[in-house]
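Colleague: Pasting in a structure now, in structure tokens, and then I'll have a few things to ask.
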Amino acid sequence: RNRRTGRAEREVCTMALTGKTNEEKIWNYLKGKGLTDYGVAGLMGNIFAESGFIPTNLQNSYEKSLGFTDATYTAAVDSGSYGNFVRDSAGYGLCQWTYWSRKQALYDFCKKAGTSIGDLEMQLDFLIRELSESYKSVFATLKAAGSIRAASDSVLLNFERPADQSEAVKQKRAGYGQTYFN
């Protein structure tokens, strides 16, 4: 228990994540979940495009309208002082979870884990749960991928599903993935 707040706390498990940077930690975590190097790279290219590997990332276009920074939004959601996390339509976290049912599931997962909504390891655990339970074909592709482009396109078109799914976006995200592969 935290002496200051009296609340039960989850022991910080960042030691389970190996690496110095978020990129290294994410790569190592995803490799440990059975993704091929191509699958990891394709997924990481999309995560980079979505959040820059910042788990507390609030969608930039919502910062002004909601009156929050990444840090103040995360703190407000964690404290309960901001109660519209699920329905505000703002992308959040590594994968910029946006749709209300996915944000509700992320929020519930976070509360069950006893962590901050912006906790890197919790979000990675949630990502794997989402992929393995709700996006099985994407997960299977990432575990068997023989090219970065195939992995990246699967994530882009079937998991992230942004408004712009043009060839230029596909090339850009696969290119980001190539950077992490290298």
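Colleague: Which of the residues belonging to segment 48-65 are assigned to a helix (DSSP H, G or I), under 22 Å from GLY175 (Cα atoms) and touching a Ser or Thr at 6+ places or on another chain (Cβ under 9 Å)? Show your work before the answer.
Modeller: Step one: filter segment 48-65 for residues assigned to a helix (DSSP H, G or I), giving 48-51, 60-65.
After this cut, where a residue has to be under 22 Å from GLY175 (Cα atoms) as well, the list is 48-51.
Result: PHE48, single match.
Colleague: Which ones in segment 163-182 are in contact (Cβ under 8 Å) with a residue 40 or more places away in the chain, open to solvent by less than 70 Å² (accessible area, probe 1.4 Å) and not aliphatic (A, V, I, L, M)?
Modeller: ARG173, GLY175, TYR176, GLY177, TYR180 - these are the residues of segment 163-182 that are in contact (Cβ under 8 Å) with a residue 40 or more places away in the chain, open to solvent by less than 70 Å² (accessible area, probe 1.4 Å) and not aliphatic (A, V, I, L, M).
Colleague: Check segment 88-108 and report whether any residue there is open to solvent by 20 Å² or more (accessible area, probe 1.4 Å), among the β-branched types (Val, Ile, Thr) and closer than 18 Å to PRO55 by Cα.
Modeller: Checked against the condition, which is being open to solvent by 20 Å² or more (accessible area, probe 1.4 Å), among the β-branched types (Val, Ile, Thr) and closer than 18 Å to PRO55 by Cα, segment 88-108 yields at least one hit.
Colleague: Just give me the residues in segment 129-150 being open to solvent by less than 20 Å² (accessible area, probe 1.4 Å) and within 16 Å of the chain's Cα centre (by Cα), in sequence order.
Modeller: Within segment 129-150, the subset open to solvent by less than 20 Å² (accessible area, probe 1.4 Å) is 130-131, 138, 142, 145, 148.
Across segment 129-150, the qualifying residues are GLU130, LEU131, VAL138, LEU142.
Colleague: Kindly provide the set of residues from segment 20-62 that are within 18 Å of THR98 (Cβ to Cβ), buried (at least 21 other Cβ atoms within 10 Å of the Cβ) and in contact with a Lys or Arg (Cβ under 6 Å, 6 or more places away or on another chain), ordered by number.
Modeller: Result: ASN46, single match.
Colleague: Continuing with the same structure: Out of all the residues in segment 110-164, which are under 28 Å from ALA76 (Cβ atoms), in contact with a Lys or Arg (Cβ under 7 Å, 6 or more places away or on another chain) and either at pLDDT below 95 or in a helix (DSSP H, G or I) (or both)?
Modeller: ALA113, LEU120, ILE128
Colleague: Restricting the search to segment 119-128, which residues are of a type outside the set (A, V, I, L, M, F, W, C) and open to solvent by 10 Å² or more (accessible area, probe 1.4 Å)?
Modeller: Within segment 119-128, the subset of a type outside the set (A, V, I, L, M, F, W, C) is 119, 121, 123, 125.
Hits for segment 119-128 are ASP119, GLU121, ASP125.
Colleague: Is it the case that some residue within segment 90-99 is under 28 Å from TYR38 (Cα atoms), of a type in the set (Phe, Trp, Tyr), assigned to a helix (DSSP H, G or I) and free of Cβ contacts under 8 Å to residues at least 40 places away in the same chain?
Modeller: Step one: filter segment 90-99 for residues under 28 Å from TYR38 (Cα atoms), giving 91-99.
Within this subset, residues satisfying the condition of being of a type in the set (Phe, Trp, Tyr) are 92, 97, 99.
Right, trim to assigned to a helix (DSSP H, G or I) and you get none.
So far as segment 90-99 goes, no, none of its residues is under 28 Å from TYR38 (Cα atoms), of a type in the set (Phe, Trp, Tyr), assigned to a helix (DSSP H, G or I) and free of Cβ contacts under 8 Å to residues at least 40 places away in the same chain.
Colleague: If you don't mind, another one. Quick check on my filter: what residues within segment 103-121 are among the acidic types (Asp, Glu) and free of Cβ contacts under 8 Å to residues at least 12 places away in the same chain?
Modeller: Correct list: ASP108 only.
The values are calculated or read from the model by the stated rules, or taken from the named source; none is laboratory data. Since this is a predicted model, take the numbers as computed values, not measurements. Counting neighbours? That spans all protein chains shown, and the Cβs are built from the backbone with ideal geometry, glycine included. Side chains are part of the model used for accessible areas, which takes the heavy atoms of the whole protein and leaves out ligands, DNA and RNA. Shrake-Rupley method; radii C 1.70, N 1.55, O 1.52, S 1.80 Å.
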